[in-house]
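Coordinate-derived values only; no laboratory data. Small disclaimer: the values here were computed from a predicted structure and weren't measured. All Cβ positions, even for glycine, are placed from backbone atoms using ideal geometry, and neighbour counts span all protein chains on display.
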Amino acid sequence: MGLIEIKKLREQTSLGVNDCKKALTESNGDFGEALKILKNKGIQMLEKKSARLTRQGLIESYIHFGGNLGVLVEINCETDFVARTDIFKKFVKDIAMQIAASKPEYIKKEDIPVEVYSGLKKPEEYVKQYCLLEQAYIKENKKTVADYLMEVVSQSGENIVIKRFVRFSLGEENEG
């Protein structure tokens, strides 16, 4: 277990050195297994924090060059301290750009109306295309938006929620 593996794990997960070192030890130096351990840890952390209230945050706008496409997104966190951090601000901007580029209709799978979901022939494909959290992240398509959210939650130590969004495109109906 070397420093290179620890550094690589930190880059991929945004978790601390101790967490990465511990995961490598638990996995007997198996990088892939250590990555799974850290991902599970992130999911558990997210589940614990999800009950916390999120009343602070930011509303971000993104207007595409030429002014024919625009997005408004509200993302909440627990404290105004976190809302002012560069990590959170970058996340909010990135999500606004994600919405502009990927045209999601829902934030998460549970938001899809039952009558829509039950009529789908390929529900997994639909979820990956139209649910923001399930989409491939446009800047790093090896991870989903949910993975990116988990990284920001682990870095900030707070619950973060993508609350709502609206996407406007000239000549199209409201999509958000």
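So here's what we get for this one:
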{"item": "Antiparallel DSSP beta bridges within the chain, as percent of all bridges there, nearest 5", "result": "95 percent"}
{"item": "In degrees, nearest ten, helix 31-49 long axis to first principal axis of the chain (Cα)", "result": "60 degrees"}
{"item": "Debye, to nearest 20: dipole size of the chain, +1 on Lys, Arg Cβ, -1 on Asp, Glu Cβ", "result": "400 debye"}
{"item": "Spacing of the two label points (7 Å from each Cα toward its C-beta) at Asn141 and Leu3, in nm", "result": "3.5 nm"}
{"item": "Residues Asp86 and Lys108, FRET efficiency given R0 of 30 Å [Cβ-Cβ distance, rounded to 0.05]", "result": "0.70"}
